[in-house]
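As structure tokens, the structure follows; a few thoughts come after it.
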Amino acid sequence: MPFPTESPFRIDQVMEAPWLMGLLFSLQILASICMSAAGNRRHRLWWIALLLFLISTALFFTLGCWGTSDITKLNHFMDPLVRSVSLRALLPAEPFWWLFAPVVVGLPYRMALVHGLVAASYALLGVGLARAWRVQAWGGWFALLIVTSPMLRGFLQNAHTRQALAALLAVPLFLTTAGLLRRRTLAVIASVGVALTVHLAAVPTLGLAVLPMAMPQARAIRGFPPQRSRLRASLIIVLLLVAVFVATFLLPPMLSKVIAYAQHNSFFSPYPVKPVVLRGEVALLGGVLISCFRKGIGFKQFVRCRWSQLLSLFVVLYGFIQLSIVWRILPQITFRFADVVGLFLLLIALQWFRHYQSLWLLLPLLLNGLLVWAKQVWSPSGLNCGVDDDFLCIPDRLPWLIRYD
């Protein structure tokens with residue numbers, strides 16, 4: 001059969017393997033337990049557990065995303081033997097993939113492996129924050145909280161790999177502007193530059209990443225440079241260069257895509273308003289309220305705290321996206337940024353609970369995601385592998401036996 005021109009794209013060469021996926025998921029949990037048991041000591045067990053976690057995560061998402069439409073489409077488009085249209089026409093203003101396509105074609109399972117590596121990088125982000133904050137015993141749990149979060153379903157389970165990578169590359173800028181970590185200016189500039197070549201959504205994503213700069217600085221933040229620092233001046237210069245680049249190269253295709261989505265594309269995903277997401281929001285709110293009660297944090301102190309300001313900002317932004325979906329106000333556009341806002345919200349939440357020494361109150365939020373994943377992975381039901389483009393439908397053959405035409 002000819003390759004379809006509209007989603008869902010052809011889904012074949014797939015099968016169910018609950019025992020394999022269940023084993024990989026169990027290894028992630030086991031590795032997190034070992035990292036927690038090793039504590040904050042520089043123990044060999046911690047590094048072995050981290051390696052096990054990253055490998056199992058990469059394999060889990062590589063195999064699990066194989067049956068999704070986006071992976072199938074990109075695997076087909078990037079094959080020079082079957083591609084009838086230039087990749088530049090298929091992925092306009094995304095030169096990263098024009099250059100990276102020959103490498104992707106040579107990888108086992110192609111874009112599926114790329115997605116697995118991106119998912120492992122999201123997990124590594126949680127581990128890296130835990131180490132930087134000197135709570136590395138929480139590294140595995142931070143990583144699991146991120147990769148199992150229902151707020152990131154589009155990025156990780158639906159395999160929106162290109163946008164997920166662009167958002168990941170925007171994280172260093174976000175961490176710097178929020179004051180979560182001190183970063184080298186060159187590293188931030190490099191990540192911003194690469195992000196702009198990965199996906200058109202990188203432009204609004206970077207806009208969201210610099211939002212913390214607009215928030216009032218109620219008090220000095222330990223380890224964050226003062227307002228007139230060299231870093232802040234460098235960031236302003238970077239933003240100006242980005243604005244020039246966007247206006248010159250990215251604005252026309254961006255406007256074209258926005259108009260197409262607004263006028264001709266009515267598809268949107270209701271994932272941001274699913275019950276599991278709402279339960280996670282309740283768990284987060286409950287953790288914040290309990291922390292405030294235990295620490296004696298009043299309303300004035302909460303409002304003056306920068307971390308509370310940023311947490312509230314991204315909660316409100318995520319709420320606006322949910323309302324746009326419920327009220328049908330351009331949901332085909334707004335839902336595409338739910339994962340980005342959700343990612344930044346999770347990172348701020350980690351910092352908020354660490355700041356108030358209440359990390360254990362993140363456990364209900366973590367369990368909310370883990371229980372849903374446990375049900376899907378250990379006792380899968382409703383998978384229509386070969387009929388529907390479900391996550392967890394894995395390849396039914398070895399990489400060199402796959403047909404991409």
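Each reported figure results from applying straightforward, stated rules to the coordinates on display, with no laboratory input. Predicted model, so just to flag it, every value in this text is computed and none were measured. Counting neighbours? That spans all protein chains shown, and the Cβs are built from the backbone with ideal geometry, glycine included.
Cα convex hull, the stretch 250-405: 202 Å³ per residue, rounded to a whole number. Using alpha carbons only, the radius of gyration of the stretch 122-194 set against its Kirkwood radius gives Rg/Rh = 0.99. Counted over all Cα-Cα pairs of the stretch 361-405, pairs farther apart than 13 Å make up 68 percent. Working note: Karplus 6.51/-1.76/1.60 with θ = phi - 60° gives the stretch 325-331 the couplings 6, 5, 8, 6, 9, 6, x Hz, where Gly and Pro are set to x. Spacing of the modelled spin labels on residue 214 and residue 404, each 7 Å from Cα toward Cβ, amounts to 4.1 nm. Here the simple spin-label model places points 7 Å from the Cα toward Cβ, and for residue 90 and residue 323 these points are separated by 4.1 nm. In percent, rounded to a whole number, the relative contact order of the stretch 101-192 is 20, using alpha-carbon pairs under 8 Å and six or more apart. Its Cα gyration tensor gives the chain an equivalent ellipsoid. The semi-axes, each the square root of 5 times an eigenvalue, are 33, 27, 21 Å from largest down. Applying a 4.7 Å Cβ-Cβ cutoff to the chain, the cysteines left without a disulfide-compatible partner are 34, 65, 292, 305. All alpha carbon pair distances within the stretch 7-132 were sorted into 10 Å bins beginning at 0; the resulting P(r) in whole percents reads 12, 34, 27, 18, 7, 1.
Spin-label model, residue 185 to residue 381: label points 7 Å out along the Cα-to-beta-carbon direction sit 5.8 nm apart.
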